[in-house]
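Participant: Please read through the structure below; I'll follow up with questions.
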């Protein structure tokens with residue numbers, strides 16, 4: 001049996017297990033073990049434990065639970081509400097300013113938490129009822145929050161970028177820098193569409209008559225600025241070479257917990273316990289997927305599947321941009337069914353040699369891949385953000401949430417096209433700050 005046929009059978013088996021609801025880590029592990037038993041016999045089981053834990057033997061993985069803890073601390077506090085109120089006071093004079101306030105709060109909260117579902121839940125709980133009460137259509141109210149939440153996996157510090165860096169052995173600090181300008185670009189595209197749609201529908205115009213004094217506007221900032229300072233500090237120590245991602249994430253998590261306790265007086269033992277419990281659950285889930293994906297990658301490599309696919313694509317006599325279009329469609333399809341971490345860990349061993357051989361920058365490609373994953377978060381059948389929004393706003397149907405999200409999906413597609421035409425948007429800042437990647 002050829003390696004390509006073997007790889008196809010392995011993928012069919014994996015998709016079948018995922019289709020019946022098997023957890024991703026267990027599906028990856030089961031398919032890998034069965035494939036190794038069939039190909040290499042029982043003797044192959046001796047390397048299972050070593051291979052699984054090899055995927056976790058990276059000091060940089062420490063940063064994942066630390067950034068999750070940082071996000072959990074912020075998500076458990078009223079920080080999202082304060083972000084939202086502060087931005088609303090500054091943007092109320094713009095058509096659709098309330099939606100823009102939510103998008104801005106989503107982008108900042110996403111940078112603090114690194115989690116799309118947490119961003120949707122934290123900002124959506126206050127933002128969606130406020131928008132619907134002021135006459136915004138359900139589609140705009142829900143779609144903007146669902147789309148804004150996706151920024152959590154692009155704007156640094158991003159857990160998705162950390163996983164990509166570990167899987168591809170690329171610099172996490174450089175990946176964070178590469179995501180800054182594209183994240184800002186997507187936020188601007190989202191806001192531009194929102195202003196256009198609100199003016200077209202004639203909604204959100206009543207707030208234009210409401211005025212806040214400069215004193216009232218600045219009064220909302222003191223609770224927000226400390227968290228923004230933490231983001232700026234983390235980015236500075238990472239980009240300035242002062243600390244590693246693990247060190248920066250640990251200090252960031254500690255500072256976020258202290259700020260939450262001091263500013264919001266969250267002295268309750270039960271709230272602190274819940275914060276650490278949620279962090280532990282999500283961290284273990286991600287670590288299990290990482291370990292199982294390492295076993296899955298080893299299996300594909302030992303069956304010469306990855307090498308055969310890379311060689312087959314490399315032998316195709318097509319323009320490299322046609323190749324990139326095919327890869328984008330593949331990532332988009334994968335993102336419809338799997339979460340970003342799983343897609344990256346499963347596809348990185350196959351795609352990375354192809355990307356490098358085609359002459360594409362791996363840091364630019366990381367941004368392209370992440371935007372594809374963002375699209376998957378607000379499109380069915382998985383569309384995690386859609387279900388989070390439906391959970392916090394059950395009066396808004398999934399169909400309305402999806403209709404409101406589609407324009408933002410098109411904004412992301414436009415963003416990918418812009419990045420393909422002007423790759424310097426992702427590569428200019430890392431090269432300016434850190435020099436050319438070796």
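Participant: Using C-alpha positions alone, give me the convex hull volume of the stretch 334-394 per residue in cubic angstrom. Can you show the working numbers first?
Facilitator: Working: hull volume 4.5 nm³, N = 61.
Output value, Cα hull per residue: 74 Å³.
Participant: What number results when the radius of gyration of the stretch 375-435, computed over Cα atoms, is divided by 2.2 N^0.38 Å? Show your work: numbers first, answer last.
Facilitator: Numbers: Rg = 16.4 Å, N = 61, 2.2 N^0.38 = 10.5 Å.
The stretch 375-435 yields a ratio of 1.56.
Participant: Counting each DSSP H run of 4 or more residues in the chain as -39500 (n - 2.57), what helix-only mean residue ellipticity at 222 nm follows after dividing by all residues, to the nearest 500 deg cm²/dmol?
Facilitator: Working: 21 runs with 335 residues, N = 438.
One gets -25500 deg cm²/dmol as the mean residue ellipticity at 222 nm.
Participant: Here's something else I'd like to know. Mean-square fluctuation check for the chain, GNM, Cα pairs under 10 Å: which of 426, 142, 27 is largest?
Facilitator: Judging by the Gaussian network model, the answer is 27.
Participant: Rank the residues 82, 133, 278 as a footprinting-exposure proxy: fewest other Cβ atoms within 10 Å of their Cβ go first. Don't skip to the end; give the middle numbers.
Facilitator: Numbers: 82 20, 133 10, 278 17.
Sorted ascending by nearby Cβ count, the order is 133, 278, 82.
Participant: So for the stretch 233-382, Kirkwood radius off the Cα pairs, Stokes-Einstein at 20 °C and 1.002 mPa s: how many µm² s⁻¹? Kindly include the intermediate steps, with their values, before the conclusion.
Facilitator: Working: Rh = 18.5 Å.
Approximately 116 µm²/s, per Stokes-Einstein.
Participant: For 22, 160, what ranking results if the residue with the fewest other Cβ atoms within 10 Å of its Cβ goes first? Working shown, then result.
Facilitator: Numbers: 22 16, 160 25.
Placing the least packed residue first, the sequence is 22, 160.
Participant: What fraction, in whole percent, of alpha-carbon pairs in the stretch 249-292 exceed 14 Å separation? Walk me through the numbers on the way to the answer.
Facilitator: On the way: 579 of 946 pairs.
Above the 14 Å cut-off, the stretch 249-292 has 61 percent of its Cα pairs.
Participant: Please compute, for the alpha-carbon atoms of the chain, the extent along each of the three principal axes and give them in descending order in Å.
Facilitator: Here the spans come out as 72, 48, 46 Å, largest first.
We did not get these values from a lab; they are worked out from the coordinates using the rules stated. Values in this document were obtained by computation on a predicted structure and should not be read as measured data. All Cβ positions, glycine included, derive from the backbone under ideal geometry; neighbour counts span all protein chains shown.
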